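Enquirer: One structure, as C-alpha cells, below. Some questions next.
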Amino acid sequence: MNNIETINQRICAKLIKRDVIYPVRELISWLTEVNNEGKLRAWDEVGEALTNLQYGEAWDWDEIRSTAAEASEDDEHERIYGLEDGDEELIQLAGKHGIEKKSREIRGYWIVKEFLAKKLKEKGETVEEIFGLHIWGRTDSGQAIGMDSVILEIASDMGILAGQRRSWEEKL
C-alpha cells in the first residue's frame with residue numbers, strides 16, 4: 001500500500017468516526033423477527049423500512065442510465081448520463097424500462113448521521129429512517145468501514161482525500 005492510500009484510509013476513518021454512530025445488528029434482527037401472527041414485530045410502525053433493510057434492495061443507477069440511454073434519442077444520452085444517483089427522473093426511467101431494485105446481502109446495520117445517510121442513498125446503498133434513526137444496511141464486512149469502496153467514493157466526491165481541494169490530510 002502506498003503513502004496516498006494510507007492517508008486516504010485515515011481520512012475515510014475520520015469520516016466514519018464523524019458520521020457513523022453505532023452498530024445495530026441485534027436491534028434490526030429483533031425487529032425483523034416474525035411474531036406468533038406471522039407478522040414482523042414492528043410491522044405496523046416501520047414495516048416497509050424494515051423489509052428494505054432486511055432484504056437490502058437498492059437501485060443500480062448505472063443500469064438505469066445505460067438502459068434508458070440506449071432506448072432514447074441520441075441527443076438525450078448526455079442528459080441521461082448527467083442525472084445524479086437518486087434523481088427522481090432516474091427512478092421514473094427505471095419503471096418505464098421495467099428495471100427493479102436489486103437485492104443485496106446486508107451484513108451489518110449501522111446508525112449514521114443524516115449527511116452520510118443522504119450520501120449513501122445517492123450511491124445506491126440501503127438506508128432507511130426508523131424512529132428518527134438513519135440506519136445503513138452495510139453490504140461489506142470483514143474490514144474497517146473506512147475501507148468500503150462506497151465510503152472512498154463519498155470521500156472523493158466530497159473532495160477530502162489526499163491531494164484534493166478540501167483534503168482533510170492536514171487535519172489528521
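Rule-based calculations on the coordinates, nothing more; no lab input. It should be emphasised that the depicted structure is a prediction, and the values quoted were computed from it without experimental measurement. All Cβ positions, even for glycine, are placed from backbone atoms using ideal geometry, and neighbour counts span all protein chains on display.
Enquirer: Please rank 139, 126, 6, fewest neighbouring Cβ atoms within 10 Å first, as an exposure proxy. Each step should come with its number before you reach the end.
Expert: Numbers: 139 16, 126 24, 6 11.
So the ranking, lowest neighbour count to highest, is 6, 139, 126.
Enquirer: Moving on to the next point. Run the reach check for residue 14 against lysines, Cα to Cα strictly under 17 Å, same-chain hits fewer than 8 apart removed. What comes back?
Expert: 113, 119, 171
Enquirer: Sequence-distant or interchain residues sharing an amide H contact under 5 Å with residue 138, placed H: which?
Expert: 107, 108, 109, 110
Enquirer: Quick check: net charge around residue 70, other residues with Cβ under 13 Å of its Cβ, Lys/Arg +1 and Asp/Glu -1? Each step should come with its number before you reach the end.
Expert: Numbers: positive: 65, 96; negative: 62, 63, 73, 74, 76.
So the surrounding residues net to -3.
Enquirer: Something else now. Can you grab the distance from the C-alpha centre of segment 74-91 to the C-alpha centre of segment 7-24, Å, no decimals?
Expert: 31 Å
Enquirer: Ordered by residue, what ³J(HN,Hα) values in Hz, to whole numbers, does segment 73-78 give under the Karplus form 6.51 cos²θ - 1.76 cosθ + 1.60, where θ = phi - 60° and Gly and Pro are x?
Expert: Result, ordered by residue: 5, 4, 6, 8, 4, 4 Hz.
Enquirer: So who's got an amide H within less than 5 Å of the one on residue 21, skipping anything under 5 residues away but keeping other chains? H placed 1.01 Å off N, in plane.
Expert: The answer is 111, 112, 113.
Enquirer: Okay, next question. Using alpha-carbon pairs under 8 Å, 6+ residues apart, how would you state the relative contact order of segment 61-100 in percent?
Expert: Working: 24 pairs, mean separation 19.0, N = 40.
It rounds to 47 percent for segment 61-100.
Enquirer: Let me ask something else. Once phi is turned into θ = phi - 60°, what whole-Hz ³J(HN,Hα) does the Karplus curve with 6.51, -1.76 and 1.60 give for every residue of segment 4-13, x standing for Gly and Pro?
Expert: Values, residue by residue: 4, 4, 5, 4, 5, 5, 5, 5, 5, 4 Hz.
Enquirer: Additional query: Among 107, 25, 79, determine the one that fluctuates most according to a GNM of the chain built with springs between C-alpha atoms less than 10 Å apart.
Expert: Sorting by GNM fluctuation, first place goes to 79.
Enquirer: With 10 angstrom as the radius, rank 27, 116 by how many other C-beta atoms surround their C-beta, starting from the fewest.
Expert: On the way: 27 15, 116 22.
Ordered from fewest to most neighbouring Cβ atoms within 10 Å, 27, 116 come out as 27, 116.
Enquirer: Whose amide H sits under 5 Å from the amide H of residue 59, counting only residues 5 or more places off or on another chain, with H placed in the peptide plane?
Expert: Sorted by chain and number, the residues that satisfy this are 102.
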